[in-house]
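Working notes for the structure below.
Just so it is clear, none of the values below were taken in a lab; they were calculated from the coordinates. Worth saying up front: this structure is predicted, and the values here are computed from it rather than measured. Glycine gets a Cβ as well: all are built from the backbone with ideal geometry, and neighbour counts include every protein chain shown.
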Ligand SMILES: [Ca+2]
Ligand SMILES: [Ca+2]
């Protein structure tokens, strides 16, 4: 026991060195090398959700250049959809097309880009097109809360929903790679039943 006690400081130093070595290896990505990919097309089965307008067939993410461009190819997006379902409570999420990023690779997403619609208080049901009734934004997620930090733009051509976001909205966006993609999903509710689709990464 005496020898172990005498060498306690030495052991602590060894543990410190090993810890620092692990830390630097982790920081350098040696344990999980990053691909460096800046674009990727993700495929998803068709008809794995009954609502065609949120059924992802593929999602292309392009991180080249000054913008982040996301193309959701959906099974079928009708020219008109129902918004502000009477069965849905005020302020609840009704539509969402979202890509989440984990920019610091700590296992928790901290940015997301989405097209969404929340039912405004006191609103009535309307039947209208997806783009003019949804908001497109960059969100920053801080654990329990999320806040918009800038506007994205969105368009729908055929069944392809495109969301474009300037990297200038947040410094961390400039370093994003495909490795940082954390989740790709869609959501829709009619106020009674909720539907989701998501891509397996
Ligand atoms: Ca699908
Ligand atoms: Ca993170």
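Brief remarks follow.
- Annotation: the residues 60, 53, sorted from fewest to most other C-beta atoms within 10 Å of their own C-beta, follow the order 60, 53.
- Computed E for residue 41/residue 190 - FRET, C-beta separation, R0 30 angstrom, nearest 0.05: 0.50
- Arranged from fewest to most other beta-carbon atoms within 10 Å of their beta carbon, 169, 161 become 169, 161.
- Of the peptides 41-48, 91-98, the order by per-residue mean of other Cβ atoms within 10 Å, starting with the highest, comes out as 91-98, 41-48.
- Based on the Stokes-Einstein relation at 25 °C and a viscosity of 0.890 mPa s, and on the Kirkwood radius from alpha carbon pairs, the stretch 39-198 is assigned a translational diffusion coefficient of 153 µm²/s.
- Using alpha carbons only: equivalent-ellipsoid semi-axes of the stretch 108-201, gyration tensor based, whole Å: 25, 16, 15
- Distance in nm between pseudo-label sites at residue 34 and residue 148 (7 Å out along the Cβ direction from Cα): 2.9
- As a proxy for reagent exposure, ranking 148, 192, 186 by other Cβ atoms within 10 Å from fewest up yields 192, 148, 186.
- Overall dimensions of the stretch 85-158 by Cα: Rg and Dmax, Å: 14.1, 42
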